[in-house]
1. Report the local net charge at LEU107: Lys and Arg +1, Asp and Glu -1, summed over other residues whose C-beta lies under 14 Å from its C-beta.
2. What number comes out for the charge environment of LEU29, summing +1 per Lys or Arg and -1 per Asp or Glu over other residues with Cβ under 15 Å away?
3. Using 0.36 nm times the number of residues separating TYR8 and ALA27, minus their current alpha carbon distance, what extension gain do you get?
4. May I ask you to derive the FRET efficiency for LYS98 and ALA40 from their Cβ-Cβ distance with R0 = 35 Å, giving the value to the nearest 0.05?
5. If I stretch the segment between ASN89 and ARG66 completely, what's the gain in nm (0.36 nm per residue apart, minus their alpha carbon distance), one decimal?
6. Would you work out what percent of the accessible area of the range 47-100, with all protein chains in place, is carbon or sulfur (probe 1.4 Å)?
7. Write down the accessible area per residue of the range 1-92 in Å², having rolled a 1.4 Å probe over the full set of protein chains.
Amino acid sequence: YAIRNTSYAMIPLALTLHNFMPYRDPAPLDFSGIHVACLAGDNGAGKSALLDAMTWALWGRARARRDDELIHQGQTEMSVEFTFSLSGNTYRVVRARKAGARGSSALDLQTRQYRAGRLLMNIFSYM
């Protein structure tokens, strides 16, 4: 099934990780200009962790049983920033977590709405 109208497709634009699974502070990933991608590498290299980072940022869920298991070994906090476009709007989701028995998470959702290529408004929502 192919999506003919890309205005309904979610298009990843950027991904920034801090202490997420095997990644300490890698360079941000810029997906602009990429239409088709293939994640390739050795077992355990972190390919699935990139997808986990996107799903954790969006829905607060990943394949780990507990969020603290997602934090890079020996670290106490992590964050994921994921930017994507959908229906002509740009969204930026930042989710962070501090480890511990009473660990805490924070979510920041920001959007920019465009019409005919012009920025109409910025909306910032904190949860």
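1. Taking every other residue near LEU107 into account, the sum is +2.
2. Local net charge: -1.
3. 4.0 nm is the gain from fully extending TYR8 to ALA27.
4. It comes to 0.60.
5. Here the answer is 5.1 nm.
6. 48
7. On a per-residue basis, 66 Å².
The values are calculated or read from the model by the stated rules, or taken from the named source; none is laboratory data. A quick note: this is a predicted structure, and the numbers were derived from the prediction, not measured. Reconstructed Cβ throughout: ideal geometry from the backbone, glycine too, with neighbour counts over all protein chains shown. Each accessible area value is taken on the protein alone, full model and side chains, heavy atoms only, with ligands, DNA and RNA left out. Shrake-Rupley method; radii C 1.70, N 1.55, O 1.52, S 1.80 Å.
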